Amino acid sequence: MPQNSVCLFDFPFQIQCQSMSGSLYAEAVILPYVLKFIGHGEFLEDAEGFIMSHSTLVGNSGASMAKSCNIPCSLSFGSTNLCGTLVSTGSSGSEGTVLKETRILLEFKAGSFMKYQLPRINGSYILQCSSGGFTCTMGSCGCVRGGKVSIDSQDRLWSFAITIDGNVNIKGSTGDQSIGELHSFGDGGSTSVKMDGLFSRNVIHDELRLVQPWNDFYRNSYFHLDFSCEAISKKMEEYNTVCHVLNGLCAPSSEVLSVSSCVDIMMPKDASVSANFKTKEVVHGDLLVSVQGKVENIHSLVCKWERCVPGNEKYSLCIHIADNNHAVYIRGYSNKHSTVGIGPGATVTFHRVRLKQHGLLLTSETYIEVATVLVLVLNKPTNHGETPNVRVQLAGFILDDGSSLCCGWADDARAELLLRLQEIAHLDASFNLKLSKGGNSTNLQYTIGCCLEKMLKKHTSVTVKNCGIPPDFSCRDLDASSVSDKVLNRLEDKLLKFIVLNACWKGSLNVITSALDPDDINGFNVELPVPIQNMRMLWIEEVFPVDPLEEARRLCDILENS
Amino acid sequence: MDHLLHLVHVKILAADLLSVTIQHTSPPAFLRCGRTVARVELVGIVVSRDRREKFLSFVIDDGTGCVPCILWLNHQYLNASTSSGPSEFDPTAEMALKMSEEVRLGTLLRVRGKIATYRGAIQITVRDVVVEKDPNSEVLHWLQCVRLAKECYDLPPPSAQGGT
């Protein structure tokens, strides 16, 4: 599966969904194009909220992407047809800017599955930007927070197909016969394409295909983005650039490894075996592979943990797959509904599995302890419900898993869990006296979040920065400030320091992370000391407590088989 | 100096910790399998406890050995000598005191801190203690020690690997 196309983290994606809890995730890539429409109308107003963007190719295509794109086209939807222009846009929103790959995570929230049950890997979609705005781009789009777009039942996600004079144009490189044939376009001639219903280039008999064939996908697309032959002939170079970019999304999928190949990579006998893969990638667990094998067994343990993220049940999963010579385990945490269809005897291809030196992991990473809190940006919540008490706009942590340090960033519920805001604030009576009204409730115990809420009513937004060098720090290294004109008093300063110390001096947690581009947090004007700049930067997607028994069992299995 | 392990809290068993090599530099350095370690994490039972005015000393037994630990409680005295302000507005002393109250005989604790020496013997200067209510935590710690030793701690230092 191409790395720069729509693909799924949780596998396989279900066709039939029953009562679902928790979210499902898909990885997508933003296209660097915008549709500009001409004319007026009720539909046009909605259309202005559309964003169609695309990622650039890595490698040689970089130079071509520097050229701007401005091709007349039309977007048809049912009987409606909008005339417009396809315009390229950079990450800064300016035309002609050299594009950089923008990868995002789509979160399909519970309740939206029935509506979006058939997103197609390699398919292209238009997502209506919740913030609206004609000039909204990836970088400024409010619906993308931390590289993630959450889609619920109210959001609108439409598939689209590219047509030429009304004929469907399959994007796919010549020779990729599993997807279809792309006839080269020249001299204004029309194209005709053959569509192949197969998804995988590797035909597997009796394969359970959980996605619709391409021809059905394009036939059933909500939108058709149509280019006229005449327009293309006048903008041939620009059109070829667009095709080149879009074809890049359908680049031949990365090799699907056999189980034995994975074993050879993990434990190479011959240096040349690992020559195709960077050793460093395997050592650091950066290598994502596709692996195919026959399922021999699958363990799915019911999660007895207290739910840290309501509605989300994470299960420790271990899947045994084998070929004729070897067997491996794929481990990790997954939503319990993701394993429908996987059972002993099934031949399954797993995509985007992380290959490490001693095993295969579902795409997730775990780090265990909060060593230090780097940055904390706290805001007064804008809603007026009972929860949350506080809105953690951004929190940076130094995480220690016993082998290395890394820098993890989180917001909202995840940050609250890491900061332990739900715990009782064990501060002295004088602090409680200050918080309580009437001065007669020294025995009252407040949660840390509650204490913060009272403070933020006065200050609106507070920032705490750790000026120390990790992993050691003291309260003297913490610098707290308020955005309001009011100065933090001593007790408020004490509370903030208590929060940081409490987060660092507590037990372990499990986190699931994704890679973070440091540019994504620059909007907060965070200045990081050099030792931290060199650390691995991660975005914390999930936080949940450690279940010692289950973790111990999992480790036992790993050690037995290593 | 191997900075990678130097910065993390190495998960270790008591027997392993008590057998580290002490380099008599200033400050002293501690080597485990040729790699410098400075911080450790232990899980064990409190088998001895001695509360003094400015510190709490206790011993952790994890079944492979007994490790002396010291938790300093003199932060208010230290803060008074600095310009950081009155100690009653720094929660460090208060939190250290609360931690000391959780160190009770027979309690299963997770202890994190820096390796130090006292009269030639290894001890831990405690950063924090966490009471582990689940007895499986001890077994989990053993397994984590074994796994991390195999995958990380026992590997030769980066310089010996040719810089990879």
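Where a number appears in this text, it was derived from the coordinates with a stated rule and is not lab data. What you see is a predicted model; the values in this text were computed from it and never measured. Neighbour counts run over all protein chains shown; Cβ positions are idealised from the backbone, glycine included.
Some values worked out for this structure:
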| quantity | calculated |
| --- | --- |
| Karplus 3J(HN,Hα) series, Hz, for region A:545-562 with 6.51 cos²θ - 1.76 cosθ + 1.60 (x for Gly, Pro) | x, 7, 9, x, 5, 5, 5, 5, 4, 5, 5, 4, 4, 4, 5, 5, 9, 8 |
| Cut-off under 5 Å, modelled amide H: who pairs with residue B:65 long-range | B:14, B:15 |
| Structure-based [θ]222 nm, chain B - -39500 (n - 2.57) summed over DSSP H runs of at least 4, per residue, nearest 500 | -7000 deg cm²/dmol |
| When each of A:506/B:11; A:380/A:506; A:506/B:114 is checked by Cα-Cα distance, pairs over 18 Å | A:380/A:506 |
| Subset of A:494/B:98; B:98/B:133; B:54/B:133; A:494/B:54 violating a 26 Å alpha-carbon distance limit | B:54/B:133 |
| Coil-residue chymotrypsin sites (Phe, Trp or Tyr not before Pro) of region A:496-562, DSSP, other Cβ within 10 Å capped at 13 | none |
| Cβ crowding within 10 Å averaged over residues, with A:258-266, A:412-420 ranked highest first | A:412-420, A:258-266 |
